[in-house]
Amino acid sequence: MEWVTLPLWPWSEAWELAGSLPWLSIAFPLGIILLAMVVLPVAAGLASPGRPRRTIGLISLALIILAGVWTLLQGALGSGGLRSGAMALAGIAILSMPAFLVGVTIWTYLGIANATPARVAILVMVRVATLIVALLLALRPSLALSEKSAVRSILYLLLDSSASMSILDEIDQASRWDYLMELLKESKPLLEKMKQQDTEIEFLHFAGEPAPFDLENPGKPEGKSTDIGNAFHLLTQKARSQDRFRGLLLFGDGADNGVSRQPAIPLALRLREQGCPVHAIGLGKPTTTSGQNDLALVSIATEPLPTIPLGSELIVKVGLNAFGFENRNVGLQLLLDGAPVQCKIFQDGLEVKPTGPGGLTVVASKAEGNEFVLKYRPMSTLGEIKVSVKAGDPGRDFLPLPGELTAVNNQIDTYVTVVKEGTRVLLVDKMRAWEPQFFCDALGQDPRISLYPAWVRGEAAAKDEVRELFDLNKRHYDAVIFGDVTPEQVRALGPGVLEGIERAVFEKGTGFLMLGGYSSFGNSSWKGTPMENLLPVGLDASGQIEAPLKMVPTEDGLRRYSYILKVSQAPGVTETWAKLKELDGMTKLGTLKPGLSTVLAVSDRNDPMLVTQNYGKGRTLAFAADTTYKWIRNPESRQIHTRFWTQMVRWLARQEEMEGSLAVLPDARRVPLRSELGFRLVLKGKQGSDLDSGKFETRVIGPDGTTTRLTTSRKNGEERGVVNNTLLPGEYRIEVHGEGKDPSGETIQGKASARFMVYDEDLEMTRRAADHEFLRKLTVAGGGQFLLAGEFRDFLQKLADQPPEKEKTGVKYYPDWKSSAPTPFFPFALLGFVILVTSEWLLRRVWGLV
C-alpha cells in the first residue's frame, strides 16, 4: 500500500522536478516563505500602525524574492536550463500555497476593525480547506493497493472449413480436412490435460465468420471462401482484457480470399498486442496442381462503353483458361440475348478464319491467360442486350470437350445498352499525361457518348484495328477531336483520312474540335491541309503563351452559346468561371476569319481561346488550351469540368436539343456472389444537362423474383445507390422511376432499368496449392510459430508442459482518476469546492469584510 500522485500538466512536471531536488533545496525556500508569509504578518499585526508594518512588509517581500531566486537557480543549475528552474519554482509554489494563502489573508485584514483574530482565523481555515480541495483535483493523489485476481486461461483452435480443405493431397491421399480431424482426435489426451490446468479449449471453424465446432460431428468443408481477416477481426472483439491467452492455433492451407476486406496480417498483430499469440498449422502441399481438364471463360469486357450506338460495332474481349487442353482446338460462340450470331474473332491481333456454323475454332495456346477479341456488326436492336460467349466443342453444338470435368464455367455473360441518340466521338491524340485522360473520363460520365480513341506514336503505319476506326465509308462519327498531333501522324492512320474528315464535317454535319498543343494549329504543317478550311482561325500564328491564364467567356459567347458555357446550375455563370483555377498557358491562335468566326471565350489577357464557325453542315471549334484538368480541385469543380466537355461535344454533334432521359448506370455488369454493386442514376433535361433535384423510386429484382426496395442519395453531385443482397447467383435487374424539373420549369420523368450478373466464383478451387508462406507471415505478425501438421503434437505437448498462472497481481487505485466508470467521489469533491468558496464569500459578506 502506498500513496501516489498523478498531477495534471503543468503541475506534473513541476511536481516531478521539485521532488528531484535535494531536501535542503526544498526546505530552505519553504522555511523562508513560511517566515515571510506567516511569522512576519503575525508580527506586523502585533506592531503599531505606520512605519514598522511597512518595514515588515518590505522584509517579507524581499524574503519571498530571495526564496524564488534560490529555487530558480537550484533547478536551473541542478537539472539544466531556465525551463527546469521555472518548473522547480512552480513546484515550490505548489508546496508553499497554504503559507501564501495564510499570509495574504492576514495582510489583507490588518488594521480592519471588523477583522477580529477569530474571524481571520476562520477565513484562513476555510481558504486553506478550499486550497486543499483544489490541490486534490490538480495533484490527484491515490491510495495504491496490490490486488490478486483470478484469470481465465483460454486456447482458441480455429479450423478452416472452406472447400479447399477437401483437396486430396495429404498422407495416403487423404483430404486436408480428414487429416486434420485425425490429428485433433489423436491430440485429445493433451487437450484434456490442458483442461485440467484450468485452460478453456474453444474449438471454432470458419469460412466466413467463426462458429462453434464439435469434433464428434465435424461435418464437411464446404465454405465458398476463406476469410481469415474476418475471423481474426471477430476474435479481437470477442477477447476480454482479463483473459490470459494460451494462444490462437490456426489450422488451414493458407487460402485467404474472403470478401470482408479485413486485413489478416494487421489483425494478427492486434491479437498479439492483446496478449494472444497467433500460431499456424499448415495443411496441404504448396506443390499441388489442378490435375484436371477444364475450359474456363474467366473474364469478359465490351466496347464501346457505357453504351453502343445503334448500327455500330460491338467488341467483346474474353479471357480463356484451358487447363489440360493446351494447343487444342476450342470453339468460341457469341450470343446476343441467347441467339448465336456470326462474328469475327481475333487472336493475337490476327483474324481467325471461320469454321463451323455459329462459331469459330481457335487454338488455346496456354493453360491460362488466353485472350480473344470478338467483333460483331451491326447492333440493330435498341435497349439492353445480354451478351454471352460460349466455349466448347463446335462439332457437338458446343458441348464440353471430351474429358472435361464440368461445363459450368464454359459460358460467361454480361450486358450492353444500345442507344439511338448515342454521340459517337473519334479522338486522335498522342500518348501524353493528364489532359486526354481527364477529358476522356469526363465524356465517359455521359451514357450517350461513345468515345473511340486512337493513340498515335510517331509516324509509323497504324495497326489494322486502329485503321478500321478511320474507314469513314463504313463509320460515322458525330464529332472528331484532334489533340496534340501533326498532320503526318494523322495521315499514317489511313489513306485520305484528312480529306474524309473534312467531307464528313461539310456534307454530313460531323463536328470538329482541335485542341491546343505544341503540334496544333500553326505549330506544325497544318497549313495547306483540308483542316485549314474548316478551322475558324488562320494558321498564321505559332508558339505558346507560357503563363497562367484564366478562361473568360465573352458576352457574345454567353448570349449565343450558353449551352457550352453554362457549366453550373447555380446563378452567376461569370462568377463560376472566375472561381476556376488558371490554365497552364495556351497555344497562340491565328487570325479570325472575317464574317465566319465567333469568339466564345478569351484569356484574362484578351487572347482568343475558344473560337467557332459553321462549315457546311458541321460546326467546328478551335480551343487553344490543353490543361483543363487544372480546374479539378474538388467535387464541385470536377462537375464543372465534366459539364464543359460533355456539353461542348454534344453541341458539336448538334445534339443539344433533345428530350430528357433517365438512365441506370451500374458500376459493373458482373460481380461475385455476396458482393456489393454500386450504381448511378442520371436524369437529364431537354438540353442534355443533368438535373440535380430528382426524385427516384428504385428496386432490384433477384433471380428468384424477390423484390427489394433500394434507397439512393446524392453524393458529390451524383445520385448513387448500392445493391448489397446478392446472395444468389444469376441475373438481377435494377428498375427505377424518376422525375425532376427541367431548368425551363417543365417536369421530366421516365423509367429505366439495367441488368447485371452475379456469378458464383469458385475462389477456393481456383488455386489448389497450399500457401504456407502466407501462414508464416501471419505468425511473424502474430508473435507465434508456423508448424507443419506433423509437428503439431510436439508443439501441443510443450504447451501442456507449461501450465499457466491461475491469478494475476494488479494495482487498484482509490480513487482511480483514470477510470471512466462513474464514481461519487468526483461530484462530491466538486460540490465541496463550490460550498467552501460560497461559504467564504458569505462569511465576508456578513462580517462586512467584502
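Of all beta bridges that DSSP places with both ends in region 170-316, some 45 percent have antiparallel geometry. Rounded to the nearest 0.05, the FRET efficiency derived from the C-beta distance between TRP70 and GLN802 at R0 = 51 Å is 0.30. Under a 5 Å amide H cut-off, with hydrogens placed 1.01 Å from N, ARG424 pairs with SER450, ASP478, ALA479 among residues at least 5 apart or on other chains. Each label point was placed 7 Å from the Cα along the Cα-to-Cβ direction; for THR823 and ARG793 their separation is 5.4 nm. Using 1/(1 + (r/R0)^6) with R0 = 25 angstrom and r between the beta carbons of LEU215 and GLN173, what's the FRET efficiency to the nearest 0.05? Efficiency, rounded to the nearest 0.05: 0.65. Across region 661-763, the relative contact order, built from alpha-carbon pairs under 8 Å that are at least six residues apart, equals 35 percent. A full extension of the chain between ASP348 and ALA144 corresponds to an added length of 65.6 nm, given 0.36 nm per residue minus the alpha carbon distance.
The aspartates and glutamates whose alpha-carbon is closer than 13 Å to the alpha-carbon of LYS474, local same-chain residues fewer than 8 away aside, are GLU313. Take the Cβ atoms of THR591 and ARG467, set R0 to 30 Å, and the FRET efficiency comes out at 0.30.
Here the peptides 699-710, 245-256 are ranked by packing, the mean other Cβ count within 10 Å, and the order with the highest first is 245-256, 699-710.
Which of LYS463/LYS630; LYS390/LYS777; LYS238/LYS812 have a Cα-Cα distance over 29 Å? Beyond 29 Å: LYS463/LYS630; LYS390/LYS777.
Between LYS695 and LEU61, the contour length at 0.36 nm per residue exceeds the alpha carbon distance by 220.4 nm.
Along region 527-539 the Karplus relation, 6.51 cos²θ - 1.76 cosθ + 1.60 evaluated at θ = phi - 60°, assigns HN-Hα couplings of 5, x, 8, x, 5, 4, 6, 8, 6, x, 10, x, 10 Hz to successive residues, with x for each Gly and Pro. Available extension along the chain between VAL780 and ASN614 is 52.7 nm, counting 0.36 nm per residue and deducting the alpha carbon span. Label positions at TYR376 and ASP397, each projected 7 Å from the Cα along the C-beta direction, are separated by 2.0 nm. In region 423-652, Cα pairs under 8 Å separated by at least six residues give a relative contact order of 22 percent.
For ASP169, the residues 5 or more places off, or on other chains, whose built amide H falls under 5 Å of its own are ARG176.
The 3J(HN,Hα) values that the Karplus relation (6.51, -1.76, 1.60; θ = phi - 60°) gives for region 690-703 are, in residue order, 5, 8, 7, 10, x, 10, 10, 10, 10, 8, 10, 10, x, x Hz. Gly and Pro appear as x. Residues in region 196-206 carry Karplus couplings, in order, of 5, 8, 6, 9, 7, 9, 10, 8, 9, 10, 7 Hz; the curve used is 6.51 cos²θ - 1.76 cosθ + 1.60 with θ = phi - 60°, and Gly or Pro positions show x.
Each residue, LYS741 and MET431, gets one label point 7 Å from its Cα in the Cβ direction; the gap between the two is 5.1 nm. Report note on the peptides 606-615, 539-548: ranked by the mean count of other C-beta atoms within 10 Å, highest first, their order is 606-615, 539-548.
A cut-off of 5 Å between modelled amide H atoms, ignoring neighbours fewer than 5 places along the same chain, links GLU368 with ALA322.
Coordinate-derived values only; no laboratory data. This structure is a prediction, so every number in the text was calculated from the model and none was measured. FYI the Cβ positions are ideal-geometry reconstructions off the backbone, even for glycines, and counts take in every protein chain you see.
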